[in-house]
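Worksheet for the structure shown next.
The values are calculated or read from the model by the stated rules, or taken from the named source; none is laboratory data. Keep in mind that what you see is a predicted model, and the values were worked out from it rather than measured. Methodologically, a virtual Cβ is constructed for each residue, glycine included, from the backbone with ideal geometry; neighbour enumeration extends over all protein chains shown. With ligands, DNA and RNA removed, areas are computed over all heavy atoms of the protein, side chains included. Shrake-Rupley method; radii C 1.70, N 1.55, O 1.52, S 1.80 Å.
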Amino acid sequence: MKTLADLFEHTLKDVYYAENALTKALPKVSKAVKNPDLKKAVDGHLKETKGQIETLKKVFGTIGVKPEGEKCDAIEGLIKESEGLMEEATGTALDAGLLSAAQAVEHYEISRYGSLREWAKVLGNTEAHNLLTEILDQEKAANNKLTNLAVSSLNKKK
(Lines give C-alpha, C1' and ligand atoms only; values in the text may rest on other atoms or scores of the structure.)
Protein backbone atom coordinates (compact mmCIF):
# COMPACT_ATOMS: atom_id res chain seq x y z
CA MET A 1 0.00 0.00 0.00
CA LYS A 2 1.44 3.27 -1.08
CA THR A 3 -1.51 5.64 -1.18
CA LEU A 4 -4.47 6.54 0.99
CA ALA A 5 -6.70 5.02 -1.69
CA ASP A 6 -4.77 1.73 -1.34
CA LEU A 7 -5.16 1.82 2.44
CA PHE A 8 -8.87 2.62 2.10
CA GLU A 9 -9.42 -0.40 -0.16
CA HIS A 10 -7.37 -2.69 2.10
CA THR A 11 -9.23 -1.61 5.24
CA LEU A 12 -12.58 -1.88 3.46
CA LYS A 13 -11.75 -5.51 2.61
CA ASP A 14 -10.71 -6.03 6.22
CA VAL A 15 -14.05 -4.85 7.66
CA TYR A 16 -15.98 -6.75 4.97
CA TYR A 17 -14.24 -9.93 6.14
CA ALA A 18 -14.92 -9.00 9.77
CA GLU A 19 -18.64 -8.39 9.26
CA ASN A 20 -19.01 -11.68 7.38
CA ALA A 21 -17.13 -13.52 10.12
CA LEU A 22 -19.49 -11.99 12.69
CA THR A 23 -22.53 -13.35 10.86
CA LYS A 24 -21.13 -16.82 11.60
CA ALA A 25 -20.07 -16.08 15.20
CA LEU A 26 -23.08 -14.15 16.52
CA PRO A 27 -25.56 -17.08 16.34
CA LYS A 28 -23.21 -19.09 18.61
CA VAL A 29 -23.04 -16.20 21.07
CA SER A 30 -26.82 -15.83 21.01
CA LYS A 31 -27.23 -19.51 21.81
CA ALA A 32 -24.73 -19.33 24.69
CA VAL A 33 -26.01 -16.26 26.56
CA LYS A 34 -28.60 -16.66 29.29
CA ASN A 35 -29.71 -13.05 29.79
CA PRO A 36 -32.78 -12.49 27.54
CA ASP A 37 -31.95 -8.80 27.00
CA LEU A 38 -28.42 -9.65 25.90
CA LYS A 39 -29.74 -12.40 23.61
CA LYS A 40 -32.15 -9.88 22.05
CA ALA A 41 -29.29 -7.40 21.54
CA VAL A 42 -27.07 -10.05 19.91
CA ASP A 43 -29.89 -11.20 17.62
CA GLY A 44 -30.68 -7.61 16.67
CA HIS A 45 -27.05 -6.91 15.91
CA LEU A 46 -26.84 -9.98 13.69
CA LYS A 47 -29.67 -8.57 11.57
CA GLU A 48 -27.97 -5.16 11.54
CA THR A 49 -24.64 -6.75 10.56
CA LYS A 50 -26.23 -8.38 7.51
CA GLY A 51 -27.52 -4.95 6.47
CA GLN A 52 -24.06 -3.47 6.98
CA ILE A 53 -22.60 -6.05 4.61
CA GLU A 54 -25.04 -4.83 1.95
CA THR A 55 -24.02 -1.23 2.66
CA LEU A 56 -20.34 -2.18 2.37
CA LYS A 57 -21.06 -3.64 -1.07
CA LYS A 58 -22.26 -0.18 -2.08
CA VAL A 59 -19.04 1.36 -0.71
CA PHE A 60 -17.01 -1.07 -2.83
CA GLY A 61 -19.08 0.10 -5.78
CA THR A 62 -18.02 3.71 -5.19
CA ILE A 63 -14.40 2.73 -5.80
CA GLY A 64 -15.11 0.28 -8.62
CA VAL A 65 -13.87 -2.78 -6.71
CA LYS A 66 -15.55 -6.17 -6.36
CA PRO A 67 -16.65 -6.78 -2.75
CA GLU A 68 -14.31 -9.29 -1.14
CA GLY A 69 -12.81 -9.82 2.25
CA GLU A 70 -9.22 -9.95 3.31
CA LYS A 71 -8.46 -11.98 6.44
CA CYS A 72 -8.73 -9.82 9.52
CA ASP A 73 -6.56 -11.07 12.36
CA ALA A 74 -8.15 -8.63 14.81
CA ILE A 75 -11.67 -10.01 14.40
CA GLU A 76 -10.36 -13.56 14.40
CA GLY A 77 -8.77 -12.87 17.79
CA LEU A 78 -11.92 -11.28 19.19
CA ILE A 79 -14.04 -14.21 18.01
CA LYS A 80 -11.54 -16.68 19.48
CA GLU A 81 -11.78 -14.85 22.80
CA SER A 82 -15.57 -15.24 22.74
CA GLU A 83 -15.27 -18.93 21.91
CA GLY A 84 -12.94 -19.37 24.89
CA LEU A 85 -15.48 -17.72 27.17
CA MET A 86 -18.23 -19.99 25.87
CA GLU A 87 -16.07 -23.02 26.73
CA GLU A 88 -14.84 -21.88 30.14
CA ALA A 89 -17.40 -19.54 31.73
CA THR A 90 -20.86 -20.16 33.15
CA GLY A 91 -23.73 -18.17 34.63
CA THR A 92 -23.22 -14.49 35.25
CA ALA A 93 -19.54 -14.72 34.28
CA LEU A 94 -20.49 -16.08 30.86
CA ASP A 95 -22.99 -13.30 30.12
CA ALA A 96 -20.73 -10.56 31.50
CA GLY A 97 -17.73 -11.91 29.60
CA LEU A 98 -19.60 -12.19 26.32
CA LEU A 99 -21.08 -8.73 26.78
CA SER A 100 -17.56 -7.38 27.29
CA ALA A 101 -16.30 -9.30 24.25
CA ALA A 102 -19.17 -7.87 22.18
CA GLN A 103 -18.14 -4.38 23.24
CA ALA A 104 -14.56 -5.11 22.21
CA VAL A 105 -15.88 -5.97 18.75
CA GLU A 106 -17.92 -2.76 18.67
CA HIS A 107 -14.88 -0.69 19.66
CA TYR A 108 -12.85 -2.32 16.89
CA GLU A 109 -15.59 -1.61 14.37
CA ILE A 110 -16.01 1.99 15.53
CA SER A 111 -12.29 2.64 15.07
CA ARG A 112 -12.25 1.07 11.60
CA TYR A 113 -15.41 2.75 10.34
CA GLY A 114 -14.32 6.08 11.79
CA SER A 115 -11.03 5.90 9.89
CA LEU A 116 -12.65 4.71 6.68
CA ARG A 117 -15.23 7.48 6.83
CA GLU A 118 -12.61 10.20 7.26
CA TRP A 119 -10.41 8.72 4.54
CA ALA A 120 -13.40 8.70 2.18
CA LYS A 121 -13.87 12.39 2.90
CA VAL A 122 -10.19 13.16 2.22
CA LEU A 123 -10.39 11.12 -1.00
CA GLY A 124 -13.44 13.14 -2.10
CA ASN A 125 -15.74 10.12 -2.04
CA THR A 126 -18.90 11.70 -0.62
CA GLU A 127 -21.08 8.65 -1.28
CA ALA A 128 -18.71 6.34 0.62
CA HIS A 129 -18.44 8.93 3.40
CA ASN A 130 -22.21 8.99 3.81
CA LEU A 131 -22.57 5.20 3.70
CA LEU A 132 -19.77 4.71 6.22
CA THR A 133 -21.30 7.36 8.49
CA GLU A 134 -24.51 5.30 8.49
CA ILE A 135 -22.62 2.17 9.60
CA LEU A 136 -20.53 4.09 12.14
CA ASP A 137 -23.68 5.50 13.73
CA GLN A 138 -25.14 1.99 13.97
CA GLU A 139 -21.97 0.66 15.63
CA LYS A 140 -21.95 3.51 18.16
CA ALA A 141 -25.61 2.85 18.97
CA ALA A 142 -24.90 -0.87 19.42
CA ASN A 143 -22.05 -0.06 21.79
CA ASN A 144 -24.28 2.28 23.82
CA LYS A 145 -26.93 -0.44 24.04
CA LEU A 146 -24.33 -2.90 25.33
CA THR A 147 -23.04 -0.36 27.87
CA ASN A 148 -26.57 0.16 29.19
CA LEU A 149 -27.10 -3.60 29.35
CA ALA A 150 -23.87 -4.04 31.29
CA VAL A 151 -24.82 -1.38 33.83
CA SER A 152 -28.37 -2.63 34.30
CA SER A 153 -27.43 -6.32 34.57
CA LEU A 154 -24.60 -5.62 37.01
CA ASN A 155 -26.85 -3.45 39.18
CA LYS A 156 -29.31 -6.35 39.41
CA LYS A 157 -26.50 -8.66 40.63
CA LYS A 158 -25.60 -6.45 43.63
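Can you find, within segment 65-89, the residue that is least open to solvent (accessible area, probe 1.4 Å) among those that are of a type in the set (Asp, Glu) and free of Cβ contacts under 8 Å to residues at least 12 places away in the same chain? It would help to see each step written out before you state the result.
In the first step, residues of segment 65-89 are kept if they are of a type in the set (Asp, Glu); the result is 68, 70, 73, 76, 81, 83, 87-88.
Now narrow it down to the ones that are free of Cβ contacts under 8 Å to residues at least 12 places away in the same chain: 73, 87-88.
Numbers: ASP73: 115, GLU87: 154, GLU88: 154 Å².
Out of the qualifying residues, it is ASP73.
When segment 29-64 is filtered for residues that are without any contact (Cβ under 8 Å) to a residue 60 or more places away in the chain, closer than 18 Å to LYS145 by Cα and among the β-branched types (Val, Ile, Thr), only THR49 remains. Filtering segment 72-127 to residues that are outside any helix (DSSP H, G or I) and not hydrophobic (A, V, I, L, M, F, W, C) leaves THR90, GLY124, ASN125.
The residues in segment 27-76 that are among the hydrophobic types (A, V, I, L, M, F, W, C) and under 14 Å from ALA142 (Cα atoms) can be counted, and the count is 4. Open to solvent by 70 Å² or more (accessible area, probe 1.4 Å) and either touching a residue at least 40 places away in the same chain (Cβ under 8 Å) or under 11 Å from the mean Cα position of the chain (by Cα) (or both), is that true of GLU134? Against the criterion (open to solvent by 70 Å² or more (accessible area, probe 1.4 Å) and either touching a residue at least 40 places away in the same chain (Cβ under 8 Å) or under 11 Å from the mean Cα position of the chain (by Cα) (or both)), GLU134 qualifies. The listed residues are THR92, THR126, THR62, and the only one of them that is loosely packed, with under 15 Cβ neighbours inside 10 Å, modelled with pLDDT of 95 or more and of a type in the set (S, T, N, Q) turns out to be THR126.
Among the residues of segment 71-89, is any out of contact with any Ser or Thr (no Cβ under 7 Å at 6 or more places or on another chain) and farther than 20 Å from LEU26 by Cβ?
First pass over segment 71-89, keeping only residues out of contact with any Ser or Thr (no Cβ under 7 Å at 6 or more places or on another chain): 71-89.
Checking the rest, the ones that are also farther than 20 Å from LEU26 by Cβ come to none.
Within segment 71-89 (the criterion being out of contact with any Ser or Thr (no Cβ under 7 Å at 6 or more places or on another chain) and farther than 20 Å from LEU26 by Cβ), the answer is no, since none of the residues qualifies.
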